[in-house]
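Worksheet for the structure shown next.
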Amino acid sequence: MRSYTPAAGYHWLTPLYDFGVAVTTRERIWRERLVDHMAPAEGDIILDIGSGTGNLSLAIARHSSGVRYLGIDPDEAATRIARTKTARIIPVPEFCVGFFSASAVACWPAPTKVAICLVLHQVGLEEKARLLREARQALAPGGKLFVADYGEQRSRLMRTLFRLTIQQLDGVHDTQPNADGLLPVLMREAGFRDVREVETFRTPTGAIAIIEAGKPTA
């Protein structure tokens, strides 16, 4: 059976995920800023890779109406929480339980925007690259990718906090490429253009970056 890292690192911690991520990552701040950068508008189709407990869907709904939200995540428990939390949003967000690939979401329309939040630091280098390639394939021509995750840890303090928290929870092997600043490199190698880090947030667990990139129109 294919394995994955649950939202909070361990399955038994999933019910505590929302509280934990809010406290340890300043989530409300960076997630709201992520939505600002995404600038969702009526008619947008937004695919959330690693949708977790549905927090991005809630943030998008607070920002804009008329957006079609599509979320995919392999964690069934987290997806149940997401469906409950977002049941009153119109249009109702759509969630799928499964591992992301372009073929796994082929039944949905091509998204105009793709978000990947706090996922890439939890997977190995090859899986990071695969997810980015598949995201580019799924994205509509001219669409945008937004990654919000632990990025390059540029200061001694951020490196220390990252080592003492995230790397203790998720391991060094998967998380170190993020800390070394490889995400923009992997995004370019996946075929994205105009890759740029648009904002960075210092948190108790390290620096979280928002990185934007585009898919060429042809």
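The values are calculated or read from the model by the stated rules, or taken from the named source; none is laboratory data. This is a predicted model, so every value here is computed, not measured. Accessible surface is based on the protein model in full, side chains and every heavy atom, while ligands, DNA and RNA are left aside. Shrake-Rupley method; radii C 1.70, N 1.55, O 1.52, S 1.80 Å.
Some observations on this one:
- Radius of gyration and Dmax over the Cα atoms of the stretch 135-218, both given in Å: 13.9, 44
- Isotropic mean projected area of the C-alpha convex hull, the stretch 55-150 (nm²): 6.3
- When both bridge partners sit in the stretch 36-138, DSSP labels roughly 0% of those beta bridges antiparallel.
- Rounded percent of accessible protein surface that carbon and sulfur make up, the chain, 1.4 Å probe: 55
- Projected area averaged over orientations for the stretch 75-218, convex hull of C-alpha atoms, nm²: 9.3
- Overall form of the stretch 25-64 per C-alpha gyration tensor (a/c, 1.5; a/b vs b/c): oblate
- Under Karplus coefficients 6.51, -1.76 and 1.60, residue-wise ³J(HN,Hα) of the stretch 200-215 in Hz, glycine/proline x: 9, 10, 7, 10, x, 10, x, 8, 9, 10, 9, 10, 10, 8, x, 9
- Bridge type composition, the chain - antiparallel percent by DSSP, nearest 5: 45
- Translational D in µm²/s for the stretch 13-115 (Stokes-Einstein at 10 °C, 1.306 mPa s, Kirkwood Rh from C-alpha pairs): 115
- Computed from phi, the 3J(HN,Hα) profile of the stretch 75-83 under the Karplus parametrisation 6.51, -1.76, 1.60 (θ = phi - 60°) reads 8, 5, 5, 5, 5, 4, 4, 4, 5 Hz, with x in place of Gly and Pro.
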